[in-house]
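Enquirer: Please find one structure pasted underneath; my questions will follow.
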Amino acid sequence: MPSCSYDEKNKTINCCHSLKCGSCVYSGMKYENELKVKQDYVSKLFKGVCNVEDIVGMYRPIYYRNKVHAAVGQDKNGNIITGSYQENSHKIVDTGECLIEDKVCKDIIITLKQLFKSFKYKPYNEDTGKGYMRHILLRRGFSTKEIMLVLVTGDNTFPSKNAFVKVLMDKHPEITTIVQNINSSNTSMILGKISKVIYGKGYIEDVLCGCRFRISASSFYQINPQQTEKLYKTAIKMADITSKDTVIDAYCGIGTIGIAASKKAGKVIGVELNSEAVKDAEINAEINNIKNISFVNEDAGKFLVDYVSKHKADVVFMDPPRSGSSKEFLDSLGIIKPKRIVYISCNPETQRRDVEVLMKYGYEVKKMVPFDMFPHTEHVECVTLLQRKNT
Ligand code: SAH
């Protein structure tokens, strides 16, 4: 079996699964060169719009993924396999070793694979809808080291639950909570709607920018906390918030950016579509004793359309999913006219599209910093400061 390796000097990974898995497209390349490729890509994309500052790379770009997903399936001989999906398919690549995923989580997956066999938990078959175990999802708090295991099953039973939990916890006492998520639908989504706490609190906590955050099974949380801290600090600095400012944190997830920025602001409103994430965000405000923040569980575009008629906003953070923001949202920004918009994006293409709309509404791009949140993969994240021309 070939093995993967990391060259400390050049910060190069050599992944033995890269051809099948397809995630680490820069396997084999010096990290310095990879950063240059990403820098050039963003500079070219934003040519004529703004200068792009130097990309912020990672000091040691391995084992950074604090969220590890493995689909559960079986090979031709009926042996259980766990791993990621081959790109653009639902074929599982059994990635025993991975240089970007958290190592402790990866070890737990190896144990689970053995336990599924001994407890006779059959892999779920997406084509027939038969079988039981569908996915393993692990999250590890970077600062707290707390670990949440989510087992996604095809039905709501849990045969030999107590014995299973005991054997697993004896082997991995570092797991702090176990959640069962039930997903019986014919879907490519990993998580179903119902979750049951099997062991522990049902969530983990992590510390970022001096604040403590609760993260539940289905809430979004940045996957590279070391880089996230740098990114948030840059974004908050760009926003240049004063105590008179009303700040909107749109697409706020569990409230991380808004909570970290709240000490400087008059008040903050976070908007998020996922109701679980909003529950986490409200608790996070409490844990951190933040009184000047509130959260709205709504589509960010719909929220802003209603908001513009009655209220003001001085600064807006926006951090939409890969598809970018909606027309409603951008048009409403054109009406509400915040003095600054800090746009964080994991997809520079849709960001460029949305920035052009905002430029038509009287904004100019003052600053743009790419962050390497996902070393060795093709992805790059950008933080952009847009300022109203007449302010
Ligand atoms: N700012 C957060 C989350 C960014 S990820 C952080 O840094 O952790 C994008 C978030 O947008 C996710 O939490 C997702 O649930 C949410 N989202 C997706 N579509 C949305 C919409 N139309 N309106 C509001 N939130 C949305």
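Enquirer: Please report, for the Cα atoms of the stretch 104-190, the Rg to one decimal and the Dmax as a whole number; what are they, in angstrom?
Expert: 13.1, 41
Enquirer: Per 10 Å bin from zero, what fraction in whole % of the C-alpha pairs of the stretch 17-160 is there, up to the bin with the longest pair?
Expert: 10, 32, 29, 17, 9, 2, 0
Enquirer: Give the Rg/Rh ratio for the chain, taking Rg as the radius of gyration of the Cα atoms and Rh as the Kirkwood radius, to two decimals.
Expert: Working: Rg = 21.9 Å, Rh = 22.2 Å.
Radius of gyration over Kirkwood radius for the chain works out to 0.98.
Enquirer: Further question: Classify the stretch 154-276: rounded, prolate or oblate, from the alpha-carbon gyration tensor (a ≥ b ≥ c, eigenvalue square roots; a/c under 1.5 rounded; otherwise prolate if a/b is larger than b/c)?
Expert: On the way: a/c = 3.13, a/b = 2.06, b/c = 1.52.
It is prolate, given that a/c is not under 1.5 and a/b is the larger ratio.
Enquirer: Further, regarding this structure: I want to check the label-to-label distance for Leu19 and Tyr63. Put each point 7 Å from Cα in the C-beta direction and report it in nm to one decimal.
Expert: Calculated label separation equals 2.8 nm.
Enquirer: Label points 7 Å out from Cα along the Cβ direction at Asn79 and Lys145: separation in nm?
Expert: Reported label-point gap for Asn79 and Lys145 is 3.3 nm.
Enquirer: OK, next. Can you give the net charge of the other residues whose Cβ lies under 15 Å from the Cβ of Lys263, counting K and R as +1 and D and E as -1?
Expert: +4
Enquirer: Averaging sequence separations of C-alpha pairs under 8 Å and six or more residues apart, then dividing by the length of the stretch 73-141, give the relative contact order as a whole percent. Provide the component values of the computation, followed by the final result.
Expert: Working: 66 pairs, mean separation 17.1, N = 69.
It rounds to 25 percent for the stretch 73-141.
Enquirer: Another question, if that's okay. Using the eigenvalues of the Cα gyration tensor, what equivalent ellipsoid semi-axes result for the stretch 4-55 when each is taken as the square root of five times the eigenvalue, whole Å, largest first?
Expert: Values: eigenvalues 147, 36, 6 Å².
Working through the eigenvalues yields semi-axes of 27, 13, 5 Å.
Enquirer: Let me ask another. 7 Å from Cα along Cα→Cβ at both Asp299 and Asn162: what's the point-to-point distance in nm?
Expert: Distance between label points: 4.8 nm.
Enquirer: Continuing with the same structure: How high is the relative contact order of the stretch 113-155, given as a whole-number percent (alpha carbon pairs under 8 Å, six or more residues apart)? Numbers along the way, then the final one.
Expert: Working: 56 pairs, mean separation 13.8, N = 43.
Relative contact order comes out at 32 percent.
Enquirer: Something else: Are there chymotrypsin sites (Phe, Trp or Tyr not before Pro) in the stretch 55-107 that DSSP marks as loop and that have at most 10 other Cβ atoms within 10 Å, and which are they? Each step should come with its number before you reach the end.
Expert: Details: sites: Tyr59, Tyr63, Tyr64, Tyr85; in loops: Tyr59, Tyr63, Tyr64.
Filter output for the stretch 55-107: Tyr59.
Enquirer: Rounded to a whole number, what % of the accessible area of the chain do carbon and sulfur atoms account for, probe 1.4 Å?
Expert: The nonpolar share, carbon plus sulfur, comes to 51 percent.
Enquirer: Then there's this: Find how much the distance from Thr242 to Glu328 grows on full extension, using 0.36 nm per residue of separation minus their present alpha carbon separation; answer in nm with one decimal.
Expert: Here the segment from Thr242 to Glu328 would lengthen by 28.2 nm.
Enquirer: Hey, any idea what the orientation-averaged projected area of the convex hull of the stretch 213-308's Cα atoms comes to, in nm²? Spell out each step's value before the answer.
Expert: Numbers: hull surface 23.9 nm².
Answer in nm², one decimal: 6.0.
Enquirer: Next up: Can you check how the C-alpha radius of gyration of the stretch 234-391 compares to 2.2 N^0.38 Å, as a plain ratio?
Expert: On the way: Rg = 14.6 Å, N = 158, 2.2 N^0.38 = 15.1 Å.
That ratio works out to 0.97.
Enquirer: Per residue, how much accessible surface does the stretch 3-105 expose to a 1.4 Å probe? Answer in Å², no decimals.
Expert: So the stretch 3-105 comes to 54 Å² accessible per residue, rounded to a whole number.
Enquirer: Once you keep just the Cα pairs under 8 angstrom separated by 6 or more residues, what percentage relative contact order results for the chain?
Expert: Averaging sequence separation for qualifying contacts and normalising by length gives 14 percent for the chain.
Enquirer: Can I ask one more? Would you mind working out the accessible area per residue for the stretch 275-391, using a 1.4 Å probe, and quoting it in Å²?
Expert: About 42 Å² of surface per residue is accessible.
Enquirer: A further question follows. Name the residue, out of Thr256, Thr128, Thr234, whose mean-square fluctuation peaks in a Gaussian network model built on the chain with Cα pairs under 10 Å.
Expert: Thr128
The values are calculated or read from the model by the stated rules, or taken from the named source; none is laboratory data. All figures in this text were calculated on a predicted structure; none of them were measured in a lab. Every residue, glycine as well, gets a Cβ built from its backbone with ideal geometry; the counts of neighbours run over all protein chains shown. The protein model used for the area step is the full one, side chains on, heavy atoms only, and it has no ligands, DNA or RNA in it. Shrake-Rupley method; radii C 1.70, N 1.55, O 1.52, S 1.80 Å.
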